[in-house]
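Structure below; questions to follow.
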Amino acid sequence: MRPGKGMARILVFFGLIASGKSTLAEAFARRQGMAYCNTDRVRKELAGLATAEPSPANFGQGIYTSEFSRRTYQAMLDRAAADIRAGAAGVVLDGSYHSRAERDRVRGVASQLGAACTFILCQCGEDEVKRRLAERARDPLAVSDGRWEIYLTQRERFETPLEVPPADLIVMDTEAPVAELLAELNRRLGEFEADEPLSK
């Protein structure tokens, strides 16, 4: 659904591990003054873990079981809905959203709230994925537990977002500097119809 005048907006930054979605999503949310919700942070919060505390479970185990992931994505949706009901003009959701089912839940909630929903699919080459994962492994403050083997599993299970209308889907190659990506994203999103144009 394209945003109309006075309509709130949910923006979903999604893609595989190390695709650059969190870097772009958080920078965009900060610049726009929007609420930002990240699956890695919410997942660890629900598990009672510190944000940077590692949880080295494999895909589908520990806090990465399908049941725990479902709880995580539901918590994200609940927070987004609460923010919009409280009057937020926009909310940023950041996670893999690799299944159509999870994306459909976002679209369903957006429809119930009368909010526009835009999906931003973040992608990069596998050499860059490996570089980012290696850099992340050296960072003691890294929130994500992503590793190469998890990336490979996630890549196999990722469901192409064919259900998302082309007008509601933006595909971003994230290998450019963040400032350039933000400028490109702003151009492609256009202006919020409700109030003010997106930041230049």
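Under a Cβ-only charge scheme (Lys and Arg +1, Asp and Glu -1), can you give me the dipole magnitude of the stretch 9-189 about the Cα centre, in debye to the nearest 20?
In total the dipole reaches around 380 debye.
How would you order 154-167, 102-115 from highest to lowest mean count of nearby Cβ atoms within 10 Å?
By packing density, highest mean first, the sequence is 102-115, 154-167.
Computed from the coordinates by the stated procedures, all read-outs in this text should not be read as laboratory data. Just so you know, these numbers come straight off a predicted model, no measurement behind them. Cβ: placed from backbone, ideal geometry, glycine included. Neighbour counts: every protein chain shown.
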